[in-house]
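Undergrad: Pasting a structure here, questions to come.
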């Protein structure tokens, strides 16, 4: 998928654990883990807003678009 989630990078920069983030944004660790491991197919704007607020960052700090090369599926 051409959208990469850099949640782990932002957590490391902020020296915050996934469980700490989970408590702050009121989202389960399991759901944040799905997002962190790039297995999420969608993310609610309310979740993205809460994560950005907790990590003091912009959506572009967490989400990155990397185009797929031609011929790859």
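No value in this document is a laboratory result; all are computed from the given coordinates. Treat the numbers as computed from the prediction; the structure is a model and nothing was measured. For neighbour counting, all protein chains shown are included, and Cβ atoms are generated from backbone atoms with ideal geometry for every residue, glycine included.
Undergrad: Counting alpha carbon pairs within less than 8 Å and at least 6 residues apart, what relative contact order, in whole percent, applies to the chain? Mind showing how you got there, number by number?
TA: Values: 58 pairs, mean separation 36.6, N = 73.
Averaging sequence separation for qualifying contacts and normalising by length gives 50 percent for the chain.
Undergrad: Could you tell me the calculated FRET efficiency between residue 28 and residue 58, based on Cβ-Cβ distance and R0 = 30 angstrom, to the nearest 0.05?
TA: Numbers: r = 24 Å, r/R0 = 0.80.
Efficiency, rounded to the nearest 0.05: 0.80.
Undergrad: Still on this structure, I have one more. For the chain, what is the calculated [θ] at 222 nm in deg cm²/dmol (nearest 500), taking -39500 (n - 2.57) for each run of four or more DSSP H residues and dividing by its residue count? Don't jump to the answer; show the numbers that get you there.
TA: Working: 5 runs with 38 residues, N = 73.
Taken over the chain, the calculation gives -13500 deg cm²/dmol.
Undergrad: With angles folded into 0 to 90 degrees, how steeply does helix 45-55 sit against the dominant principal axis of the chain? Use alpha carbons for both and round to 10.
TA: On a 0 to 90 degree scale, this one is about 60.
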